[in-house]
Structure formats: C-alpha cells, structure tokens
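A.B. asks: Questions regarding the structure given below will be posed in turn.
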Amino acid sequence: MTEQRSARFRLAAFVAALPLLFGGAALAGAAIEPHGEDPTARTAEQEDHMSATDTAHAPDPVRGLAVAADDLQVVVEQPELRRGRTESLRFRIVDEHGRTIRDFDVTHEKRMHLILARRDLSGFQHLHPELGADGVWSADVQLDAAGSYRLFADFSHDDTARTLAADLRVDGAADLRPLPAPQPAAVSDGGYDVRLDAGRAEPGKEADLRFTITRDGAPVKTEPYLGAGGHLVALREGDMAFLHVHPMDDGVRFAATFPTAGRYRLFLQFQHEGRIHTVAFTQEVS
Ligand SMILES: [Cu+2]
C-alpha cells in the first residue's frame with residue numbers, strides 16, 4: 001500500500017509528459033509490462049490525463065481508468081484482501097461532497113455490475129453486489145491468486161452510464177502471466193467450444209464480434225442473460241481500460257469500437273441450461 005502510494009506521487013511528477021506517449025496509445029499498451037511491481041497507479045494517472053485531453057477524438061470513450069469521473073467516486077472500504085478466502089468486498093459510490101449515492105438506474109437488469117480482473121487480465125469475475133440501506137454495496141468474493149486487481153463498478157446514475165475503477169490487492173507474490181496469443185477458438189468453463197469471428201479489427205472502427213458456441217459439436221442456443229444473448233466485457237492490455245460493448249441482437253454478437261491499436265482481452269459470458277459460463281479471447285487490433 002505504501003509502495004503503491006509513493007509510486008503514485010513519484011509518477012505524478014512526470015504525468016505531464018505522458019500525453020505524447022499516448023499519441024500512439026498502442027505503444028503504451030505494449031510498453032507497460034504486466035510484470036514488475038505494480039503499474040496500476042501509474043497507468044491510472046496516465047489515463048486520467050489522456051481522457052482529459054483526448055475524449056473529443058475518441059469514437060467510443062474508454063472508461064474505468066479512474067477512481068473518480070464526473071464528480072462521482074468509488075470508495076472501497078478494505079482494498080486489501082486475503083488470498084483464497086471468501087471476503088466481503090464493500091464499496092460505496094460518493095458524490096463530490098462525499099455523500100453516498102443510493103439511487104441507481106437499472107442497466108442490463110441490474111443496478112450495479114462489479115467486474116474484477118487481475119493486472120495481467122486473468123482472474124476475471126463479474127458479480128452483482130447487494131445494496132445495503134446505508135448505501136454500501138457488498139459482494140462475497142474469493143480471489144485465489146496474489147497480486148494487484150482492478151475493480152470496476154459499472155452502473156448508471158441520472159441516466160448516465162459510468163464505470164469507475166479502484167485497485168485491490170491480494171497478499172503474496174504475484175505470478176503474472178503474459179497475455180495469451182490471439183486464437184480463434186477457446187473452451188469455456190463447463191467445456192463449451194467457442195469460436196470468435198471478428199474480421200479485421202481496426203482502431204476507431206466498429207468491429208462486429210460474432211461468437212459461435214457449440215458443445216460436443218452441436219450448436220448451442222444461449223438463454224437470455226442480463227437482457228441479451230450474452231454479455232461481453234473488453235479490457236485493454238496494459239492500462240486495463242474498460243471498453244463498452246453493445247449486444248447487436250439476441251444472439252452472441254456484439255459491436256465494439258476499439259479506440260486504439262493494441263491487444264484486448266474479451267470476456268464473453270453466456271447462459272445455457274441455467275448456468276453462466278465464461279470464455280476469454282485475446283483480440284488484436286491493428
Ligand atoms: Cu453485471
């Protein structure tokens with residue numbers, strides 16, 4: 001925690017130089033190695049700056065790079081979690097006066113979507129916490145691998161969609177892994193075979209992401225999940241920018257505009273026979 005703090009202060013000093021780097025944001029993704037101490041604080045600072053200067057040009061602004069946005073902030077009660085234990089993760093959304101927000105709009109059937117992922121884009125979880133009378137959201141989480149994680153609170157307030165992010169730490173030495181190479185096919189938990197046809201994904205252009213799901217060679221028709229045929233979260237390698245993705249029909253097809261070249265990790269979730277399954281793909285954008 002103190003390490004992270006001091007890193008934040010050190011890095012704040014040269015944040016002014018960083019927009020240059022982000023001129024080609026692809027470089028940023030590649031330059032920030034997922035190894036090493038904890039680049040979380042640094043990238044959040046960098047990206048804060050980027051979103052302040054670059055939003056006008058972004059076709060689909062990335063979110064989830066900052067603790068605070070549009071005067072709202074996510075406050076995590078206890079960001080240090082013990083590894084492999086079920087912990088109660090508690091957080092609030094507060095306004096610029098520190099007042100706790102309690103009125104949330106329903107999006108994708110829920111008032112709050114909580115996404116967790118480790119710095120190396122492993123350990124993805126998508127949870128729906130409960131809102132207490134005191135305005136505190138809580139969810140039981142278990143994180144089995146050590147390291148630094150990003151928490152994304154994805155919600156809508158006053159008809160405005162927001163994604164706020166905060167850092168979590170799980171005790172122990174992190175065994176960070178390189179991002180898996182892009183592959184057109186992957187196997188979900190539960191053993192479903194999933195193929196991704198994304199065509200050519202180019203920065204700033206809407207990509208059509210079509211997933212085909214089969215089990216033992218037979219096509220699988222997914223059941224509605226969160227108001228669509230599936231749910232997709234895309235995170236950018238390096239800074240963990242959270243990309244908003246829209247379902248295109250009641251199948252597993254999505255429109256995504258990747259803001260920059262680089263690599264993204266796509267987390268598709270779908271429901272079949274009453275169970276939710278998750279499968280991840282690496283998407284190259286160039
Ligand atoms: Cu959700």
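The values are calculated or read from the model by the stated rules, or taken from the named source; none is laboratory data. All values derive from a computational prediction rather than experimental measurement. Note: ideal-geometry Cβ built from the backbone for every residue, glycine included; neighbour counts use all protein chains shown. Ligands, DNA and RNA are stripped out before the accessible areas are found, and what is left, the full protein with its side chains, is counted by its heavy atoms. Shrake-Rupley method; radii C 1.70, N 1.55, O 1.52, S 1.80 Å.
A.B. asks: Can you tell me which of Asp154, Asp208, Asp167 is of a type in the set (D, E, K, R), assigned to a strand (DSSP E or B), in contact with a helix residue (DSSP H, G or I) (Cβ under 7 Å, 6 or more places away or on another chain) and touching a residue at least 12 places away in the same chain (Cβ under 8 Å)?
C.D. replies: Details: Asp154 fails: in contact with a helix residue (DSSP H, G or I) (Cβ under 7 Å, 6 or more places away or on another chain); Asp208 fails: in contact with a helix residue (DSSP H, G or I) (Cβ under 7 Å, 6 or more places away or on another chain).
Within the list Asp154, Asp208, Asp167, the selection yields Asp167.
A.B. asks: So, in the range 215-255, of the ones that are surrounded by fewer than 17 Cβ atoms within 10 Å (Cβ to Cβ) and within 16 Å of the ligand (Cβ to nearest atom), which residue ends up nearest to His272 (Cα to Cα)?
C.D. replies: Among those that are surrounded by fewer than 17 Cβ atoms within 10 Å (Cβ to Cβ) and within 16 Å of the ligand (Cβ to nearest atom), it is Glu223.
A.B. asks: Within the range 93-131, restricting attention to residues that are under 27 Å from Leu266 (Cα atoms) and of a type in the set (D, E, K, R), which residue is nearest to the ligand (Cβ to nearest atom)?
C.D. replies: Start the filter on the range 93-131 by keeping residues that are under 27 Å from Leu266 (Cα atoms), which leaves 93, 104-130.
The next check asks that each one be of a type in the set (D, E, K, R); those that pass are 105, 109-111, 118-120, 130.
Working: Asp105: 13, Glu109: 8, Lys110: 5, Arg111: 10, Arg118: 19, Arg119: 21, Asp120: 22, Glu130: 13 Å.
Of everything passing the filter in the range 93-131, Lys110 is nearest to the ligand (Cβ to nearest atom).
A.B. asks: A follow-up question, please. Go through the range 180-205 and give me each residue that's over 16 Å from Val252 (Cα atoms), touching a Phe, Trp or Tyr at 6+ places or on another chain (Cβ under 9 Å) and not small (Gly, Ala, Ser).
C.D. replies: Once the filter is applied, which keeps residues that are over 16 Å from Val252 (Cα atoms), touching a Phe, Trp or Tyr at 6+ places or on another chain (Cβ under 9 Å) and not small (Gly, Ala, Ser), the range 180-205 yields Pro180, Pro182, Gln183, Glu202, Pro203, Lys205.
A.B. asks: Another question about this same structure. Restrict the check to the range 202-214 and report whether at least one residue is surrounded by 14 or more Cβ atoms within 10 Å (Cβ to Cβ) and within 16 Å of the ligand (Cβ to nearest atom).
C.D. replies: Taking every residue of the range 202-214 in turn, none turns out to be surrounded by 14 or more Cβ atoms within 10 Å (Cβ to Cβ) and within 16 Å of the ligand (Cβ to nearest atom).
A.B. asks: For the range 182-201, how many residues are among the aliphatic types (A, V, I, L, M) and open to solvent by 60 Å² or more (accessible area, probe 1.4 Å)?
C.D. replies: Residues of the range 182-201 that are among the aliphatic types (A, V, I, L, M), as a first pass: 185-187, 194, 196, 198, 201.
Right, trim to open to solvent by 60 Å² or more (accessible area, probe 1.4 Å) and you get 187.
Count: 1.
Residues checked against (1) in contact with a helix residue (DSSP H, G or I) (Cβ under 7 Å, 6 or more places away or on another chain); (2) buried (at least 18 other Cβ atoms within 10 Å of the Cβ); (3) at pLDDT below 95:
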{"position": "Leu81", "(1), (2), (3)": "no, yes, no"}
{"position": "Arg85", "(1), (2), (3)": "no, no, no"}
{"position": "Leu89", "(1), (2), (3)": "no, yes, no"}
{"position": "Thr100", "(1), (2), (3)": "no, no, no"}
{"position": "Leu116", "(1), (2), (3)": "no, yes, no"}
{"position": "Arg119", "(1), (2), (3)": "yes, yes, no"}
{"position": "Ser122", "(1), (2), (3)": "no, yes, no"}
{"position": "Leu127", "(1), (2), (3)": "no, no, no"}
